[in-house]
Amino acid sequence: MTAAGLPMEIRSEGLPTRVRIHEVGARDGLQNERTVVPTEVKAEFIHRLAAAGLPTVEATSFVHPKWVPQLADAEQLFPLLGDLDPQRLPVLVPNERGLDRALALGARRIAVFGSATESFAKANLNRTVDEALAMFAPVITRAKDAGVEVRGYLSMCFGDPWEGPVPVAQTVRVCRALLDLGCDELSLGDTIGVATPGHVQTLLAALNEAGVPTSRIGVHFHDTYGQALANTFAALQHGITTIDASAGGLGGCPYAKSATGNLATEDLVWMLHGLGIETGVDLDRLTATSVWMAEALGRPSPSRTLRALSHKE
Ligand code: HMG
Ligand code: MG
């Protein structure tokens, strides 16, 4: 470590020079907390993440409030973020009802969220994989017509708690379908954190072969088996420049019980800055934010970097 508390910077050949971190702590993180965080605390969390330099801070979800009670305050929260550019604040939208709610509040970036497996499609969306795609079709069309950017999440890209390992071709099919419906970018979800680096590289190569350019792919790793950072490095080697992470490693998914937190943003930033890859993120401000959030939640963060930096005195 250098005197400034930053990793020593040494580049590794062939990696991107800049990465866009897609921060999901306020959505993926908080949706899975037992405690329902007060709306004002969520708003402060998002403001602090934006002030720490995170270019994209996923804010909330316009889903059925009974399905995800932790995010039932989306209507109250979004107006509290009015001073931030809505382009920086994507929101999850599963259907036209969710889109109407999001557009009414001025959302300018949305994400639909499909599944590579039937079991998770049923558990998360009460639909088959293809029924979910049919539900997204008008959402994507209407969003695009309104000039709103659309991300397509795909869950269970590598493994599924009910179905086991997911064949690469199965994931590629649904990725292609999401792009064909008009999604601007994909985010490949390792919802239960079972992927390993070779699997990541194989899927990315298969997507390229199916005509999906690397520039339209993001990666979304949960860290259940401690593989998230290794998988991220594999993705970087492939040229991926959009990486999802959650501050302090908050997260999971209420409809996949074995999912734990996302890759911690602090761990990601430490590695990227060590590799000389620009992120625009101020690690000190980010760390202070996650320490504050962990206090608000009353439990320590699982992020190793966060723990190391917050105990270094
Ligand atoms: P459903 O029960 O099939 O809904 O749920 P429906 O279409 O039959 O409608 C039933 C009622 O819900 C109707 O009301 C609708 O108006 C209402 P009624 O006429 O009976 O009074 N309704 C809504 N109300 C508010 N907002 C809405 C909405 N939609 C319908 N948007 C539904 C289908 C999709 C709504 C439900 O399954 C749902 O909300 N699911 C969301 C689950 C979720 O948010 N999961 C977590 C996010 S995904 C994730 O975390 C993975 C990710 O991180 C990537 C990874 O890690 O893999 C992204
Ligand atoms: Mg997730």
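The values are calculated or read from the model by the stated rules, or taken from the named source; none is laboratory data. Fair warning: this is a prediction, and the values are worked out from it, not measured in the lab. Reconstructed Cβ throughout: ideal geometry from the backbone, glycine too, with neighbour counts over all protein chains shown.
Applying the criterion of being of a type in the set (A, V, I, L, M, F, W, C) and within 16 Å of ligand 1 (Cβ to nearest atom) to the residues of the range 14-35, the residue that is modelled with the lowest pLDDT is Leu30. Across the range 106-118, the number of residues qualifying as farther than 17 Å from Cys175 by Cβ and either surrounded by fewer than 17 Cβ atoms within 10 Å (Cβ to Cβ) or touching a Lys or Arg at 6+ places or on another chain (Cβ under 6 Å) (or both) comes to 1.
Sub-9 Å Cβ pairs linking a first residue in the range 207-235 that is over 18 Å from Arg20 (Cβ atoms) and touching a residue at least 40 places away in the same chain (Cβ under 8 Å) to a second residue that is among the hydroxyl-bearing types (Ser, Thr, Tyr) and part of a loop (DSSP other than H, G, I, E, B), at least 6 apart or interchain, are His222/Thr191; His222/Thr260; Asp223/Thr260, ordered by first then second residue.
Is it the case that Ala121 is in a helix (DSSP H, G or I), within 19 Å of the chain's Cα centre (by Cα) and free of Cβ contacts under 8 Å to residues at least 12 places away in the same chain? Show your work before the answer.
Details: in a helix (DSSP H, G or I): yes; within 19 Å of the chain's Cα centre (by Cα): yes; free of Cβ contacts under 8 Å to residues at least 12 places away in the same chain: yes.
Yes: the conditions hold for Ala121.
Give me the pairs: first residue in the range 284-313 and buried (at least 17 other Cβ atoms within 10 Å of the Cβ) and among the acidic types (Asp, Glu), second residue in a loop (DSSP other than H, G, I, E, B) and modelled with pLDDT under 95, beta-carbon distance under 9 Å, and six or more apart or on different chains, which are they? Taking only residues 6 or more apart or on different chains, not a single pair turns up.
Somewhere in the range 157-164, is a residue under 19 Å from Leu71 (Cβ atoms) and in a strand (DSSP E or B)? No, there is no match, as no residue in the range 157-164 is under 19 Å from Leu71 (Cβ atoms) and in a strand (DSSP E or B). Elements of the type strands (runs of 3 or more DSSP E) sitting completely within the range 170-277 and holding at least 1 residues that are β-branched (Val, Ile, Thr) and either over 30 Å from Ala296 (Cα atoms) or modelled with pLDDT of 95 or more (or both): these cover 217-221, 242-245.
Selection of the range 41-73 for residues being surrounded by fewer than 20 Cβ atoms within 10 Å (Cβ to Cβ), in a loop (DSSP other than H, G, I, E, B), hydrophobic (A, V, I, L, M, F, W, C) and away from ligand 2 (no atom under 16 Å from the Cβ) yields only Ala72.
Filtering Leu84, Leu133, Leu99 for residues that are more than 10 Å from ligand 1 (Cβ to nearest atom), part of a helix (DSSP H, G or I) and not polar (S, T, N, Q) leaves a single hit, Leu133. Taking first residues from the range 92-103 that are in contact (Cβ under 8 Å) with a residue 60 or more places away in the chain and partners that are β-branched (Val, Ile, Thr), the Cβ contacts under 7 Å between residues at least 6 apart in sequence or on separate chains come to Leu92/Val63. May I ask you to verify whether Pro7 is part of a loop (DSSP other than H, G, I, E, B), in contact (Cβ under 8 Å) with a residue 60 or more places away in the chain and closer than 28 Å to Trp292 by Cβ? So Pro7 fits the description; yes.
Is it the case that the range 245-265 has a residue that's surrounded by fewer than 22 Cβ atoms within 10 Å (Cβ to Cβ), of a type outside the set (Ser, Thr, Tyr) and within 14 Å of ligand 1 (Cβ to nearest atom)? Yes, that holds for at least one residue. In the range 144-167, the residues that are under 13 Å from Ser187 (Cβ atoms) and within 14 Å of ligand 1 (Cβ to nearest atom) form Cβ pairs under 7 Å with partners that are among the charged types (D, E, K, R) and assigned to a loop (DSSP other than H, G, I, E, B), at six or more places apart or across chains, as follows: Val150/Asp184; Arg151/Asp184.
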